[in-house]
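Single-structure report; data block below.
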Amino acid sequence: MKNKKIKIICVCAVAVFLAAGCVSVVKKKPAIVKETPVATSVPTEVIRNDTSPTSAVPSVSATTGITVKSEVATQTVKTPPVIGPKNPVTKKGKRLIYIVAWNGIPVGRVIAEILPAIEYEGRMVRVLKVRTESNEFLSRIYRVDDVYLSYFDEEKLISRYYEADRKEGFYRKHVVVTYDMKSLRARYHNHTDGSVKYCDIKEKVQDPLSVIYYFMNIPVKLDDNINVTINLNEKNYELFGKIESVDILTLPKIGDISAYKVRPYAVLNGQRYRRGYAYIYFSVGKERYPVYCVAWIPFGKVTGTLLSVEEI
């Protein structure tokens, strides 16, 4: 049980960014307390293969040093069109680096990459890659080095392929998931133990990575409701969320940025999935990146904060 809790701390930001719906939403919001920001440091090396606002009272998120000021938008905020050749997100590769903290203590980082499109089984797909790694402090206790890969169909706006290579402490699992859209079945090939399993999927299937890229490239406006299906661990989660507000965030390494606030939750077999709750911010503009996320879980608060965006 102890190792399981440590593992969740390390990879919770990935769970929020890649499968943010697997937490529930409650109406009661936690108290926000102003505290001295905790300094964070991130290694400089790059891992292997980026309206009319009203006056508002800023708040400082406990232990993160992130200031949030609410905006009241009186008109629809312009957002990127559905994926196409003019979308800046799809023209150039990007690397986004996030710091992961548990109760204000840095425990690792997440490196997300949007790579050039390739041809996969006759379809043009965008390659998405995410790596999570624990920092030196946590690695002495429980080392995490996970790599996730997704092929996103740019025309159909669905996932075609998902791969997860997880190395967490002594735990090892390498699974490849392929989606057959003709039979509407997913094939799970576990390269660690050699097993092969199948499950049914929905027509508009997403994996934990592709769902984020999907949201980055669809037109949205305030008060829009989001509903997508995420296939994960041989199950189909119905992900729901609402764009609640546009806030101004002051991020430690980036500065002020306007962002949509989305509070997701997931439903599995007709039942809401209840394991804490979370919200996630996406930047407003043509390149709509995840910039900040918070997850409250039974043993603390986990945050993921954008530190940099690089072209690759």
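Each reported figure results from applying straightforward, stated rules to the coordinates on display, with no laboratory input. All values derive from a computational prediction rather than experimental measurement. As a convention, Cβ positions derive from the backbone with ideal geometry for all residues, glycine included, and neighbour counts pool all protein chains shown.
Which ordering of Ile97, Ile118, Ile105 is given by a fewest-first count of other beta-carbon atoms within 10 Å? Show your work: numbers first, answer last.
Numbers: Ile97 21, Ile118 11, Ile105 15.
Fewest to most other Cβ atoms nearby, the residues stand as Ile118, Ile105, Ile97.
Pulled fully out, how much extra length does the chain show between Cys199 and Trp296, if you take 0.36 nm times their separation in residues and subtract their Cα-Cα distance?
Values: separation 97, 0.36 × 97 = 34.92 nm, distance 3.05 nm.
Extra length available between Cys199 and Trp296 comes to 31.9 nm.
So which trypsin sites (Lys or Arg not before Pro) in region 211-312 pass both tests, a DSSP loop state and at most 15 other Cβ atoms within 10 Å of the Cβ? Can you show the working numbers first?
On the way: sites: Lys221, Lys235, Lys242, Lys253, Lys261, Arg272, Arg274, Arg275, Lys286, Arg288, Lys301; in loops: Lys221, Lys253, Arg274, Arg275, Lys286, Arg288.
Passing sites in region 211-312 are Lys221, Lys253, Arg274, Arg275, Lys286.
May I ask you to list the aspartates and glutamates whose Cα is less than 13 Å away from that of Lys235, ignoring any residue fewer than eight positions away on the same chain?
Excluding near neighbours in sequence, the set is Asp200, Asp207.
So, in nm, how far is label Asp224 from label Glu155 when the simple model puts each one 7 Å beyond its Cα toward the Cβ?
2.3
Report, in debye and to the nearest 20, how large the dipole of region 153-229 comes out about its Cα centre when Lys and Arg carry +1 and Asp and Glu carry -1 on their Cβ.
On the way: 13 positive and 13 negative charges, 61 e Å.
The calculation lands at about 300 debye.
Please report the Cα spread of region 99-190 along all three principal axes, rounded to whole Å, starting with the longest.
46, 26, 20
For a footprinting-style exposure proxy, rank Thr132, Thr178 by other Cβ within 10 Å, fewest first. All intermediate terms of the calculation are to be shown ahead of the outcome.
Numbers: Thr132 27, Thr178 17.
Least crowded to most crowded, the residues run Thr178, Thr132.
Output the relative contact order of region 121-254, whole-number percent, from Cα pairs under 8 angstrom with separation of 6+ residues. Each step should come with its number before you reach the end.
Working: 252 pairs, mean separation 20.5, N = 134.
RCO, region 121-254: 15 percent.
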